[in-house]
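*Asks:* One structure follows; several queries about it will come next.
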Amino acid sequence: MEKLIITAALTGNITLPTQTPYLPLTPEQIADEAVRAANAGAASIHVHGRDPKTGRPTTDPEVYREIATLIKGRTNAIVCITTGGTMYMTAEERVRVVPALKPEVATFNMGSINFSIHPIAERYKDEDYKYPWEKEFAESTREFIFRNTFADIEHFCKTMQENDTKPEHEIYDVGHLYNMHYYVRKGLIKLPMWMQFVTGILGGIGSDLENIMFMKQTADRLFGAQNFQWSVIGCGYPAEFNVATLSIMMGGHVRVGFEDNIFIAKGVLAKSNAELVEKVVRIAKELGRDVATPDEARSILGLKGKDKVNY
Ligand code: KMH
Ligand code: ZN
């Protein structure tokens, strides 16, 4: 088995500041968390930006540039930039961060789905919210379709290739593997690929362990096991650690972080993303799987290197 690549998704764009006081919001806080997570064993940092004043998700490329530059200056970790954007952005707007920063890795979402966090709004009273935008933001996802049409996917393929950015394909359901297969056959998606099975999003596949096995078997059948590296994102607790453990045993990789889960144990908030990374490192150690350094992860994934980014 390859060494284990751990990715830390530090803040994301669906976790509300009201849910945890430990969510990093400013570029400095995000960079501090990146350093802690990297020191704990994360080889890759998945970056989203937030408005430093309001904590609201933003896709302003300049906020991304600031965060990526801070992380690059303070750790050797891979920086993976999101192209998930916000609810109000077109695919063109979401991917503009790729030509702007030319990152080593960027996310590439492989199909359209309902993508909702509206049940979170049912847990809080109006006076509970830390920021005025949060309630409406969460409730409005009841109407949200996370759009990744075939035309969008083609635009993402072209943009990533032009900038030598490795796609981190996000697979929210089995059908997304078939979307990917179509573009592998057309030659627009190149082998070997780097993909993540995302489970537990309301609108996508659930975190049952059988689903991870089925997606891995389907990917093996479509692409050949030698043609991709894979990772898992289990949303919520304990899904994050359940799918992580299975993936460690099966030869896959793991993502954890406040974008996906805020708990270190039942009902106990993690105080830093690093605690989530440390827990995965402990599980890996118990199961006899070595953890990859950032440079080992670069070699496993075939990345261009951090000297070739534009920040
Ligand atoms: N914008 C969310 C619906 C990613 O980082 O690429 C999903 C998302 C995933 O942001
Ligand atoms: Zn993300």
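Read the figures in this text as sums done on the coordinates, not as results from a lab. Computed from a prediction, not measured in an experiment: that's the story for all the values here. So basically every Cβ, Gly included, is an ideal-geometry build from the backbone, and we count neighbours across all protein chains shown.
*Asks:* Based on the mean of other beta carbon atoms within 10 Å per residue, what is the order of 219-226, 291-298, most packed first?
*Replies:* 291-298, 219-226
*Asks:* Evaluate the distance, in nm, between pseudo-label points positioned 7 Å from the Cα of L202 and of Y182 along their respective Cα→Cβ axes.
*Replies:* Result for the modelled spin labels: 2.8 nm.
*Asks:* Can you bin segment 17-77 into rounded, prolate or oblate? Criterion: square roots of the alpha carbon gyration tensor eigenvalues sorted a ≥ b ≥ c, rounded for a/c under 1.5, prolate for a/b above b/c, oblate for the rest.
*Replies:* Judged from the Cα gyration tensor, segment 17-77 comes out oblate (a/c at least 1.5, b/c at or above a/b).
*Asks:* Give me, ordered by chain and number, the residues 5 or more places off T58 or on other chains with an amide H under 5 Å from its own placed amide H.
*Replies:* G49, R50, D51
*Asks:* Can you tell me what share of the DSSP beta bridges in the chain is antiparallel? A percent to the nearest 5 is fine.
*Replies:* Around 20 percent of the beta bridges assigned by DSSP in the chain are antiparallel ones.
*Asks:* Let me ask something additional. Using only the Cα atoms of the chain, build the gyration tensor, take square roots of its eigenvalues as a ≥ b ≥ c, and label the shape rounded, prolate or oblate: rounded if a/c is under 1.5, else prolate if a/b is larger than b/c, else oblate.
*Replies:* Judged from the Cα gyration tensor, the chain comes out rounded (a/c under 1.5).
*Asks:* Starting from the Cα of K266, step 7 Å along the direction of its Cβ; do the same at E139; then give the gap between the two resulting points in nm.
*Replies:* Spacing of the two 7 Å Cα→Cβ label points: 3.3 nm.
*Asks:* Please list the non-local residues whose amide H lies under 5 Å from the amide H of I113, H modeled 1.01 Å from N, same-chain partners needing a gap of 5 or more.
*Replies:* Excluding prolines and chain starts, which carry no amide H, the hits are F146, N148.
*Asks:* Who wins for biggest fluctuation among N179, N273, N13 in a Gaussian network model of the chain, springs between alpha carbons below 10 Å?
*Replies:* N179
*Asks:* What nm distance separates the two modelled labels at L191 and R282, each placed 7 Å from Cα along Cα→Cβ?
*Replies:* Label at L191, label at R282, 4.0 nm between them.
*Asks:* Still on this structure, I have one more. Just need the relative contact order of the chain here, percent rounded to a whole number, with Cα pairs under 8 Å and 6+ apart.
*Replies:* Across the chain, relative contact order equals 25 percent.
*Asks:* With a cap of 10 neighbouring Cβ atoms within 10 Å, and only residues DSSP puts in a loop, list the chymotrypsin sites (Phe, Trp or Tyr not before Pro) found in segment 9-116.
*Replies:* Filter output for segment 9-116: Y88.
*Asks:* So which lysines can K216 reach, going by Cα to Cα under 29 Å and dropping same-chain residues fewer than 8 places off?
*Replies:* Of all the lysines, those that pass the test against K216 - Cα under 29 Å, at least 8 places apart if same chain - are K3, K158, K166, K186, K190, K266, K279, K285, K304.
*Asks:* May I pose another question? Taking 8 Å as the Cα distance limit and 6 or more residues as the minimum spacing, I'd like the relative contact order of segment 146-250 as a percentage.
*Replies:* Relative contact order here is 25 percent.
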